[in-house]
1. Return the loop-located chymotrypsin sites (Phe, Trp or Tyr not before Pro) in the range 99-161 (DSSP other than H, G, I, E, B) with at most 15 other Cβ atoms within 10 Å of their own Cβ; answer none if there are none.
2. So for the range 168-262, averaging the separation of alpha carbon pairs under 8 Å that are six or more residues apart and normalising by length, what relative contact order in percent results?
3. Classify the range 137-213 as rounded, prolate or oblate, taking a ≥ b ≥ c as the square roots of the eigenvalues of its Cα gyration tensor: rounded when a/c is under 1.5, otherwise prolate if a/b is larger than b/c and oblate if not.
4. Whole-Hz ³J(HN,Hα) for each residue in the range 201-215, computed from phi via Karplus 6.51 cos²θ - 1.76 cosθ + 1.60 with θ = phi - 60°, x for glycine and proline: what do you get?
5. Divide by every residue of the chain the summed helix terms, -39500 (n - 2.57) for each DSSP H run of at least 4, and state the resulting mean residue ellipticity at 222 nm, rounded to the nearest 500 deg cm²/dmol.
6. Apply the a/c threshold of 1.5 to the C-alpha gyration tensor of the range 215-255 and tell me whether it is rounded, prolate or oblate.
7. When a/c reaches 1.5 or more, the comparison of a/b and b/c decides; with that in mind, is the range 53-157 rounded, prolate or oblate per its Cα gyration tensor?
8. Compute the relative contact order of the chain as a whole-number percentage, counting only Cα pairs closer than 8 Å that sit 6 or more residues apart in sequence.
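Since every read-out is calculated from the coordinates, none of them should be taken as a lab result. Since the model is a prediction, treat every value here as computed from it, not as a measurement. Note that we place each Cβ from the backbone using ideal geometry, even for glycine, and neighbour counts take in every protein chain shown.
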Amino acid sequence: MNRLGVNLRVVAALGRRSVRQTFRRPQLFAPILVFPTLLLAIQTGGAGGAIELEGFPQVNGFLDFMLAGAMVQACLLAGNSGGIALAVDLEMGFTDRLFAAPISRFAIVAGRLAGTAALGAVTAVWFIAIGLIFGATIEGGVAGAILVLALVALSAMAFGGIGAAVALYAGRASVVQGLFPLVFVILFLSDAFFPANLMLEPAGTIAEYNPLSLIVDGIRELVVGGLDAGAVAEALAAIALIGGLSIALSAVALRRRLRLGA
């Protein structure tokens, strides 16, 4: 129990450091909020008439529909920024000093993921506030907003594991930065910004089976439809799938780095 307590304190301390590090570096924090916010404003202002299309889901407004996509985009960028920050720590030798300390090696990665989850929660609060200010309605009420916060935070942690795995494997921030274009490709091949049933093929089919679509749909349902246990359960299942895979990849990359000492 004492060792568990030590590791939990390590995770908490590194998580706080990760959040502070992100806020202190505009190049890490700005993309997490600026890009999704600008895209949300542009798409809401330029494509708001899409809600009149036949087959478009019933929503109070296009902003309500778009909020979930903006949150998931911010989560993906938070995971990428977390991976970049971890790679910078590796390049500077900070992580190597932690490896030499008498603590669990994976607690070091878990601390980074905890910080990424906290950033995800911050972005959820940001976009909920923007939505409410500009006329969106959270149909799930206070309970729905809390569930949105939880889903976004867990999503950010899951995506952060992928960034951490790449950082541990490559050890260079430039390599992790190369994931940035892939974030948009994966995101636009989901129903984050447009209903899958209205997309052209093969994009529609890809979006239907994209795990991101399940996460977006779970968050969106809380915004536009209300509390829906089925949608939330599907979103949690998709998060668990991505998170399990990303943590497994991080563990493999961590063992490789410790074995090679590079």
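1. Values: sites: F99, F106, W126, F127, F134, F159; in loops: F134.
Counting only loop positions with at most 15 other Cβ atoms within 10 Å, the chymotrypsin sites (Phe, Trp or Tyr not before Pro) in the range 99-161 are F134.
2. Values: 65 pairs, mean separation 26.6, N = 95.
Relative contact order for the range 168-262 comes out at 28 percent.
3. Numbers: a/c = 3.07, a/b = 1.25, b/c = 2.46.
Judged from the Cα gyration tensor, the range 137-213 comes out oblate (a/c at least 1.5, b/c at or above a/b).
4. 7, x, 4, x, 5, 4, 4, 4, 9, 6, x, 4, 4, 5, 5
5. Helix contribution divided over all residues of the chain: -27000 deg cm²/dmol.
6. Values: a/c = 6.03, a/b = 3.71, b/c = 1.63.
Judged from the Cα gyration tensor, the range 215-255 comes out prolate (a/c at least 1.5, a/b above b/c).
7. Values: a/c = 3.58, a/b = 2.72, b/c = 1.32.
In terms of gyration-tensor shape, prolate.
8. Working: 405 pairs, mean separation 66.2, N = 262.
RCO, the chain: 25 percent.
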